[in-house]
1. Could you tell me the calculated FRET efficiency between LYS49 and ASP130, based on Cβ-Cβ distance and R0 = 25 angstrom, to the nearest 0.05?
2. How large is the Kirkwood hydrodynamic radius of the stretch 1-105, counting all unique pairs of alpha carbons, in Å?
3. Quick one: putting +1 on the C-beta of Lys and Arg, -1 on the C-beta of Asp and Glu, what dipole do you get for the chain around its Cα centre, in Debye to the nearest 20?
4. Mind ranking PHE83, PHE63 by accessible surface for me, highest first, 1.4 Å probe?
5. Count the net charge of all other residues whose Cβ sits under 14 Å from the Cβ of PRO93, scoring Lys and Arg as +1 and Asp and Glu as -1.
6. Find out how many positive minus negative residues lie around ALA26, taking Lys and Arg as positive, Asp and Glu as negative, among other residues whose Cβ is under 15 Å from that of ALA26.
7. Averaged per residue, what accessible area in Å² does the stretch 31-125 show with a 1.4 Å probe, protein chains only?
8. In whole percent, how big is the carbon plus sulfur part of the accessible area of the stretch 34-147, probe 1.4 Å, protein atoms only?
Amino acid sequence: MIERQDLGDWVDALASKAPVPGGGGASALGGALAAALGQMVANLTVGKKRYANVQDEMHQSLFALNILQMELMALADKDAEVFAPLAAAYGMPTDTEEQRAEKEQVMEVRLLDASIVPLKIMERASAVLDVVELLAQKGSRMAVSDAGVAAQFARAALTGAVMNVYINTKSMKNREKAEELNEKANRLLTEGMEQADRIYDGVLEKLR
């Protein structure tokens with residue numbers, strides 16, 4: 001599990017020719033870093049007299065982001081878990097009609113699993129952005145740049161994970177299900193990028 005690994009070892013594994021971790025895991029980690037940075041902003045705001053009127057919101061933000069961080073870390077592992085069976089399915093024999101039918105059936109299940117995980121990463125990254133937007137507006141001004149960085153990491157999680165959705169749905173035979181997943185991913189991507197850019201631009205305006 002990623003939580004039990006040294007970060008340097010995980011990055012070295014990412015850099016290697018090993019199939020996992022890959023872009024999906026990196027996207028999830030980016031989302032987790034966004035959640036962690038958001039918590040930093042909230043922690044730097046909690047207990048400050050200047051921000052006494054937003055203490056409840058800061059505590060709620062800490063609670064929500066801590067859960068999202070753990071979920072995104074778990075999804076980094078889950079992404080690796082669903083890739084191995086998919087890779088194995090690609091190598092199934094197709095010499096006979098029965099083998100081809102079995103491979104198609106197995107592939108459909110594996111492709112769906114491999115599409116749902118990055119979609120969940122996108123959902124969690126979007127939820128992180130909702131909290132980060134509040135923190136950028138109401139959190140400590142001393143940490144507003146960290147809110148901006150959090151928005152960018154969450155944006156990268158979205159734009160990275162969506163490619164893992166597309167690459168798997170593209171091969172699905174069930175086009176109705178594939179388009180359903182793509183539509184949800186498209187919405188999360190469009191809304192998330194707009195929100196992340198809005199947060200980032202607002203932070204830049206405060207810093208300049």
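The values are calculated or read from the model by the stated rules, or taken from the named source; none is laboratory data. Since the structure is predicted, the reported quantities are computational estimates derived from the model, not experimental observations. Cβ coordinates were reconstructed from backbone atoms using ideal geometry, including for glycine residues, and neighbour counts include every protein chain displayed. Heads up: the accessible areas ignore ligands, DNA and RNA and are worked out on the full protein's heavy atoms, side chains in. Shrake-Rupley method; radii C 1.70, N 1.55, O 1.52, S 1.80 Å.
1. Step by step, r from the Cβ atoms, then E = 0.40.
2. 16.6
3. Working: 23 positive and 30 negative charges, 177 e Å.
Taking the Cα centre of the chain as origin, the dipole is about 840 debye.
4. Ranked from most to least accessible, the order is PHE63, PHE83.
5. Its environment carries a net charge of -3.
6. Numbers: positive: LYS78, ARG124, ARG155; negative: ASP9, ASP12, ASP77, ASP79.
Summing Lys/Arg as +1 and Asp/Glu as -1 gives -1.
7. Values: 4990 Å² over 95 residues.
Heavy-atom accessible area per residue stands at 53 Å².
8. 55
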